[in-house]
There are 2 protein chains.
Amino acid sequence: MAEVRNKQVVLRDYVVGFPKESDMNTVEGRITLKVPEGSNDVLLKNLYLSCDPYMRILMSKIDHEGIGSYTPGSPLTGLGVSKVKESGHPDYKKGDLVWGMTKWEEFSLVPATQIHFKIEHTDVPLSYYTGILGMPGMTAYAGFFEVGSPKKGENVFISAASGAVGQLVGQFAKLTGSYVVDLLKNKLGFDGAFNYKEESDLDATLKRYFPEGIDIYFENVGGKTLDAVLLNMRFHGRIPVCGMISQYNLTQPEGVTNLANLIFKQIRMEGFTVVKLYHLYSKFLEFVLPHIREGKVVYVEDIVEGLENGPAALVGLYTGRNVGKQVVVVARD
Amino acid sequence: MAEVRNKQVVLRDYVVGFPKESDMNTVEGRITLKVPEGSNDVLLKNLYLSCDPYMRILMSKIDHEGIGSYTPGSPLTGLGVSKVKESGHPDYKKGDLVWGMTKWEEFSLVPATQIHFKIEHTDVPLSYYTGILGMPGMTAYAGFFEVGSPKKGENVFISAASGAVGQLVGQFAKLTGSYVVDLLKNKLGFDGAFNYKEESDLDATLKRYFPEGIDIYFENVGGKTLDAVLLNMRFHGRIPVCGMISQYNLTQPEGVTNLANLIFKQIRMEGFTVVKLYHLYSKFLEFVLPHIREGKVVYVEDIVEGLENGPAALVGLYTGRNVGKQVVVVARD
């Protein structure tokens with residue numbers, strides 16, 4: 001079978017500091033649209049690619065204990081929604097829609113183990129499986145409910161609330177009757193909002209919004225934001241640590257100086273990754289799909305068209321350019 | 001009834017930076033050795049006073065959210081073992097031995113609610129109720145078993161292991177079959193030990209002692225030690241945060257820069273104070289008393305004689321002068 005063109009976004013070299021568009025190249029690869037004889041792999045046509053903050057970590061040379069790094073000259077890997085073109089694996093067949101780990105290219109041959117889930121519900125936008133119905137949705141759900149242990153009427157603060165995860169945590173918190181304030185650009189019916197880049201004294205701002213303190217801080221940012229939040233936590237507060245996007249581009253991370261508040265206020269701070277929580281996925285879908293269909297939970301996406309626009313979309317995450325979940329459309333079906 | 005002399009250690013003024021002996025004065029007060037008519041208070045003769053790291057926090061002017069501060073010109077407060085001289089409260093009678101919050105003076109009139117427990121077992125040294133059988137013992141027990149959730153064969157690292165709490169955590173961890181390394185001066189049968197003040201590269205030292213990483217870090221120190229430990233934690237590690245003694249004297253605490261490891265390795269970091277865990281005290285005594293009597297758990301004390309030597313003993317905690325639990329003897333019975 002003849003080879004076809006396979007446009008790819010490859011990492012040029014390991015990145016130090018903030019990533020730039022020029023750290024990636026769009027190149028023309030070639031691929032044979034066939035699963036090799038005897039292979040269990042699955043050939044995917046990639047439709048929607050997900051831009052996620054953790055990808056910056058993989059652009060560094062340092063191996064963060066098993067998280068690994070990208071390989072310069074090779075396509076980025078990331079989550080995406082894909083259509084099965086051909087399958088060597090009995091669980092998948094041509095035409096199936098799936099989401100999971102794929103590569104930043106038009107077509108990818110992947111081991112079946114990289115596919116996270118087959119997509120069963122298509123009455124919602126397919127791109128949602130990179131966001132609200134994918135890893136970020138599960139992250140918000142598991143991080144808030146499992147790690148955050150919310151109780152009705154608590155005070156919830158969310159950083160990076162214009163992002164893929166933060167916007168959902170806020171909405172989930174509202175559903176549980178919490179008072180919610182976030183650092184964000186687009187207001188989603190929360191009780192307050194401000195942009196931390198415009199606040200010179202975050203401690204004072206937090207005291208204004210949370211005169212009684214914060215019960216749950218859903219941490220996406222790290223650094224100075226965390227330091228100010230620690231001063232404003234309540235006794236027995238919880239800090240699910242989902243990400244620290246403000247720190248990923250720094251060669252020397254900002255020092256956090258107020259950790260003794262963990263003791264004074266008996267705070268639990270817990271890092272988590274959604275990878276260990278995918279067993280909750282079907283429970284999560286049962287929870288979230290009705291809310292989406294009834295319009296009780298909305299999801300803001302920032303969609304760019306074309307793989308070649310992927311690098312700009314990805315680096316925009318780290319300057320906060322995106323409003324909502326950043327998605328790259330490779331093909332619509 | 002005539003007044004008698006009541007020697008007291010009073011705080012001269014709020015402290016900034018490392019405390020000095022001269023931040024406290026030994027003064028001669030007066031007290032009437034009688035519970036006032038109609039009062040429920042208890043008159044105590046103080047025997048052993050406990051020097052504890054948290055006391056530095058109370059010497060600062062800043063109110064750490066309800067923890068409060070000492071009052072300049074008034075005696076320090078702290079934990080101690082006392083004998084009841086006279087009682088206005090039905091739960092206590094003359095001659096009872098008790099431990100709880102008292103003042104740095106010879107005799108104290110205290111509300112009965114400040115007494116934590118009546119002392120039932122006197123076949124062990126009475127001073128132990130400021131240490132292994134008191135707040136530090138409960139702290140080590142609850143912090144290690146309840147917050148640390150140890151599993152057999154795990155790798156445990158303890159900072160400030162020559163102190164009142166750290167020496168016990170190490171011994172409790174050995175009882176559970178852990179591999180234990182500590183920062184300490186006196187070795188108590190652990191698997192390794194080093195003095196962090198003599199190690200220029202703590203990260204490298206930790207990698208040498210823990211080539212496979214640390215499962216439980218019992219945090220007493222904070223700052224640079226915590227930063228190095230974060231680089232060496234294993235997946236799903238736990239950090240019970242008991243204290244951060246290295247930070248209490250700093251006007252600007254050291255910044256902790258490696259917190260993103262909480263995410264990479266899904267680490268739980270949890271501040272706790274023993275105050276919320278005293279319901280476990282009788283269970284704790286059942287556990288620890290047989291071990292003490294059989295010599296399976298030993299306890300190192302650093303005892304100074306005389307209330308007037310209390311200030312030197314207390315400030316010695318912050319330079320690491322003490323070897324073992326620091327106790328001040330006011331009277332032996």
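For the rotation that brings chain A onto chain B, whose beta-carbon in chain A is nearest the axis, and what is that distance in whole angstrom?
So the closest residue, with its distance, comes out as A:255, 1.
For the stretch B:2-55, evaluate the Debye formula with one uniform point scatterer on each Cα (no solvent term) and list log10 I(q)/I(0) at q = 0.16, 0.17, 0.24 Å⁻¹, rounded to two decimals.
At q = 0.16, 0.17, 0.24 Å⁻¹ the computed log10 ratios are -0.71, -0.77, -1.08.
Which whole-number value in Å² is the accessible area per residue of the protein assembly as shown, probe 1.4 Å? Mind dumping the intermediate values first?
Values: 26230 Å² over 666 residues.
The answer is 39 Å² per residue.
With the cut-off at 25 Å, tell me which of the pairs A:296/A:325; A:265/B:118; A:118/A:283; B:207/B:265; A:152/B:265 have Cα atoms farther apart than that.
Flagged as over cut-off: A:265/B:118; A:152/B:265.
Which value, in nm² and rounded to one decimal, describes the direction-averaged projected area of the C-alpha convex hull of the protein assembly as shown? Mind dumping the intermediate values first?
On the way: hull surface 131.8 nm².
Orientation-averaged projected area of the Cα hull: 32.9 nm².
Could you order the peptides B:147-158, A:15-26 from most to least packed, using the average number of other C-beta atoms within 10 Å per residue? Write down the numbers at each step before the final one.
Working: B:147-158: 20.1, A:15-26: 15.8.
Descending mean neighbour count gives B:147-158, A:15-26.
Hey, if you put +1 on the Cβ of every Lys and Arg and -1 on every Asp and Glu Cβ in the stretch A:213-315, which of A:280, A:264, A:306 ends up farthest toward the positive end of that dipole?
Final value for the positive-end residue is A:264.
In terms of Cα to Cα distance under 20 Å, which aspartates and glutamates are near enough to residue A:151, apart from those fewer than 8 places away along the same chain?
A:182, A:191, A:212, A:215, A:219, A:270, B:270
For every other residue with a beta carbon closer than 11 angstrom to the beta carbon of residue B:143, add +1 if it is Lys or Arg and -1 if Asp or Glu, then tell me the sum. Write down the numbers at each step before the final one.
Working: positive: B:238; negative: B:146, B:219, B:270.
Here the charged neighbours net out to -2.
Would you work out the charge dipole size for chain A about its Cα centre, treating the Cβ of every Lys and Arg as +1 and the Cβ of every Asp and Glu as -1, and quote it to the nearest 20 debye? Walk me through the intermediate numbers first.
Numbers: 35 positive and 38 negative charges, 69 e Å.
Dipole size: approximately 340 debye.
Averaged across orientations, what area in nm² does the convex hull of the alpha carbons in chain B project? Display every interim value, and only then the final one.
Details: hull surface 67.2 nm².
The Cα convex hull of chain B, projected and averaged over all directions, gives 16.8 nm².
Mind checking how much accessible area A and B bury in total, 1.4 Å probe, in Å² rounded to 100?
Adding both sides of the contact gives about 2800 Å².
When averaged across all projection directions, what area in nm² does the alpha-carbon convex hull of the stretch A:135-275 cover?
Numbers: hull surface 31.4 nm².
Directional mean of the projected Cα hull area for the stretch A:135-275 stands at 7.9 nm².
Leaving ligands, DNA and RNA out of it, report the carbon-plus-sulfur percent of the accessible area of the stretch B:88-220 at a 1.4 Å probe.
Details: 2470 of 4920 Å².
After summing per-atom areas, the C and S share lands at 50 percent.
Under a cut-off of 12 Å between alpha-carbon atoms, report the aspartates and glutamates in cross-link reach of residue A:34, not counting same-chain residues fewer than 8 places apart.
List returned: A:3, A:86.
How high is the relative contact order of chain B, given as a whole-number percent (alpha carbon pairs under 8 Å, six or more residues apart)?
On the way: 738 pairs, mean separation 60.3, N = 333.
It comes to 18 percent, rounded to a whole number.
For the pairs B:224/B:276; B:61/B:103; A:7/A:83; B:7/B:103; A:61/B:224, note any where the Cα-Cα span goes beyond 21 Å.
Violating the 21 Å limit, Cα to Cα: B:224/B:276; A:61/B:224.
What is the packing order of peptides B:292-299, B:109-116, taking the mean over residues of other C-beta atoms within 10 Å and listing the highest first?
Values: B:292-299: 14.5, B:109-116: 17.0.
Going by the mean number of other Cβ atoms within 10 Å, highest first, we get B:109-116, B:292-299.
The values are calculated or read from the model by the stated rules, or taken from the named source; none is laboratory data. Predicted model only: the values in this text are computed from it and were never measured. Backbone-built Cβ (ideal geometry, glycine too); neighbour counts: all protein chains shown. Heads up: the accessible areas ignore ligands, DNA and RNA and are worked out on the full protein's heavy atoms, side chains in. Shrake-Rupley method; radii C 1.70, N 1.55, O 1.52, S 1.80 Å.
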